[in-house]
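Enquirer: Before I ask anything, here is the structure I am working with.
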Number of protein chains: 2
Amino acid sequence: MDVLIVEDDPLHRSYLHEQVKLALPECGTIHEAENGQQGEVLARTHRSAHIVMDLQMNARNGIEAARTIWRERPDTRILFWSNYADEAYVRGVSRIVPNGAAYGYVLKSTSEERLKLALRSIFIENQCVIDNEVRGMQQRSFAQTSGFSDSEYEILMDIALGMTDRAIADRRHLSLRSVQNRLQQIYSKLEVHQTTDHPRNAAAFNLRARAVTVAMLRKLLNYGALEKAETELQQWLRGH
Amino acid sequence: MDVLIVEDDPLHRSYLHEQVKLALPECGTIHEAENGQQGEVLARTHRSAHIVMDLQMNARNGIEAARTIWRERPDTRILFWSNYADEAYVRGVSRIVPNGAAYGYVLKSTSEERLKLALRSIFIENQCVIDNEVRGMQQRSFAQTSGFSDSEYEILMDIALGMTDRAIADRRHLSLRSVQNRLQQIYSKLEVHQTTDHPRNAAAFNLRARAVTVAMLRKLLNYGALEKAETELQQWLRGH
DNA sequence: CATGTTTCTGCGGGTTCCCGCAAGCCTAAT
DNA sequence: ATTAGGCTTGCGGGAACCCGCAGAAACATG
């Protein structure tokens, strides 16, 4: 069994290397890649079926890399190894995992014990392992308490990109009013209101801009998600 | 000479510890803090004058911590040690550094040699050391090519927070029209226009929302800057 | 002082946004 | 079949936005 490590920070990379060797004495060679781009190539050439992947890398996002890898070989086992449990990441990962695939999501701050356990569970036992904190996030995320449906999330991204209602309607094949209704729901779930703190002056907040920041502050959105959405938008614009 | 290390990632922390010992054999004890909060406390109790500080930590931002430390003892020497050279960080640091203080900004990706050199230059020679990439950013930032004046930057933050023109005018003591003029400049510098890609449909972009995303994508804004601006805004709202 | 340059300000209009109201569709349950 | 609750859509109006035009104020320069 070979293992592929995709991680841009050299310190973390060598730490992972060490831990993999300890946790899986039976494993063969350990390949290393320092960004998603390179990770995809190595996964293809070495037919790696066991991958430890960082999210948030310079050249190419971990989620992007995982997606193309899984598209080619859906039975690949991937352990995501991340600094943060942002909802944007969790959502991004759970959106791309193929049916029945074994994967894991552990935080970099977990203990060595847990990391080793996760490595063995996923690579040997073929079981999913999700860190407690991350799972908590998932629960909250997909429940309806302040949780967003996929279509709402889509439109949240659209306004984050700066699209007009009209353009969103075109893109998502909805009427203008429906888009605005969705925005209404988003505003209420995000608890953004036109707080006229002092009655004398009018609204203090532009709701659509405010919603985006609140979403960022709540880690519903982050840079990676934005970047991905932006390239998708550009694609759509080209395709008219 | 004592040194204080403020860094939340244990791997990086121990690496720094090692490098400091190697680069500064003459130094005494090395204290460690794992977030900004703790860093401030340790700096105060140990009267540390030599600090290596990570930006981007959970409990309290490196910039925030540095500001309060410098406010108490402006001659403290701080080496910032960061993953990124985002303009938002560079701007944030250069905004708080006291006159004549020795400081440094090096990326985590630099070689050990350079790190050691930076440590000696700042802590022994009392010289400023700014990484090449960061300096390039500084040049571009404070030149007028797509560079923002401080007042423009202020207002960019305000719309990023979701404030209305009216509210911004109140806050910055400007007329409504002046705020809108500034926005005009911001839009043009960010090159956001109402690209009516296809003549049939109207504007595809809401300029103010679009400007914020473009700024994020260009790393003019980032999560830390947003968070800081948000607390300042809440403060202002309270103070009426 | 006269002059030009830059910034600030008010006015007015066209467009977009925010949202209450109400009428239509669909699914599900009584 | 009827009723109820949920989406979706249209209409309409008030508020906020985007922005051209032009005068007023602030500042520098000769």
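Enquirer: More than 20 Å from B:N99 (Cβ to Cβ) and within 14 Å of another protein chain (Cβ to nearest Cβ): which single residue out of B:D9, B:D2 fits that description? Working first, answer last.
Expert: Working: B:D2 fails: within 14 Å of another protein chain (Cβ to nearest Cβ).
The unique qualifying residue is B:D9.
Enquirer: Also, quick follow-up: From the list A:I63, A:I124, A:I51, pick out the single residue that is closer than 20 Å to A:M216 by Cα and in contact (Cβ under 8 Å) with a residue 40 or more places away in the chain. Don't jump to the end; show me each part of the working.
Expert: Numbers: A:I124 fails: closer than 20 Å to A:M216 by Cα; A:I51 fails: closer than 20 Å to A:M216 by Cα.
Of the residues listed, the single one that is closer than 20 Å to A:M216 by Cα and in contact (Cβ under 8 Å) with a residue 40 or more places away in the chain is A:I63.
Enquirer: Now for a separate question. State all residues of region A:153-175 that are at the interface with chain B (Cβ under 10 Å from one of its Cβ atoms), within 18 Å of A:R210 (Cα to Cα) and touching a Phe, Trp or Tyr at 6+ places or on another chain (Cβ under 7 Å); if no residue qualifies, say none.
Expert: A:G162, A:M163, A:T164
Enquirer: Give region B:173-187 a look and list any residue that's near DNA strand C (Cβ under 9 Å from one of its atoms) and surrounded by fewer than 17 Cβ atoms within 10 Å (Cβ to Cβ), or say none.
Expert: Initial filter on region B:173-187 (near DNA strand C (Cβ under 9 Å from one of its atoms)): B:173-182, B:185.
Selection gives B:H173, B:S175, B:L176, B:R177, B:S178, B:Q180, B:N181, B:Q185.
Enquirer: When you scan region A:59-165 for helices (runs of 4 or more DSSP H) that lie fully inside it, which ones turn up with 3 or more residues that are closer than 26 Å to A:Q185 by Cβ? Spell out the reasoning first.
Expert: On the way: elements: A:62-72, A:87-96, A:112-123, A:132-142, A:150-160.
Result: A:87-96, A:132-142, A:150-160.
Enquirer: When region A:1-40 is examined, which residues are found to be over 21 Å from the mean Cα position of the chain (by Cα) and among the β-branched types (V, I, T)?
Expert: If the condition is that a residue be over 21 Å from the mean Cα position of the chain (by Cα) and among the β-branched types (V, I, T), then A:V3, A:V20, A:T29, A:I30 are the ones that fit.
Enquirer: Let me ask you something else. Going residue by residue through region B:204-213, is there one that turns out to be at pLDDT 90 or above, assigned to a helix (DSSP H, G or I) and more than 11 Å from DNA strand D (Cβ to nearest atom)?
Expert: First pass over region B:204-213, keeping only residues at pLDDT 90 or above: B:205-213.
From the residues that got through so far, the ones that are assigned to a helix (DSSP H, G or I) too are B:207-213.
Retained after the next criterion (residues that are more than 11 Å from DNA strand D (Cβ to nearest atom)): B:213.
Yes, because at least one residue in region B:204-213 is at pLDDT 90 or above, assigned to a helix (DSSP H, G or I) and more than 11 Å from DNA strand D (Cβ to nearest atom).
Enquirer: Mind checking whether some residue in region A:140-147 is of a type in the set (V, I, T) and either modelled with pLDDT under 80 or surrounded by fewer than 17 Cβ atoms within 10 Å (Cβ to Cβ) (or both)? I'd like the intermediate steps shown before the answer.
Expert: Going through region A:140-147, the residues of a type in the set (V, I, T) turn out to be A:145.
Next, only the ones that are either modelled with pLDDT under 80 or surrounded by fewer than 17 Cβ atoms within 10 Å (Cβ to Cβ) (or both) stay: A:145.
Yes, that holds for at least one residue.
Enquirer: Tally the residues that are farther than 15 Å from B:G104 by Cα and aliphatic (A, V, I, L, M), restricting the search to region B:33-78. Don't jump to the end; show me each part of the working.
Expert: The initial filter retains those residues of region B:33-78 that are farther than 15 Å from B:G104 by Cα, namely B:33-48, B:56-61, B:64-65, B:68-69, B:71-73.
From what is left, the residues that are aliphatic (A, V, I, L, M) are B:33, B:41-43, B:57, B:59, B:65, B:69.
Result for region B:33-78: 8.
Enquirer: Another question, then. Hey, any hits in region B:101-114 for a residue that's surrounded by 15 or more Cβ atoms within 10 Å (Cβ to Cβ) and under 30 Å from B:R182 (Cβ atoms)?
Expert: yes
The values are calculated or read from the model by the stated rules, or taken from the named source; none is laboratory data. Computed from a predicted structure; not experimentally measured. Cβ sites come from the backbone with ideal geometry, for glycine too, and all protein chains shown count toward neighbours.
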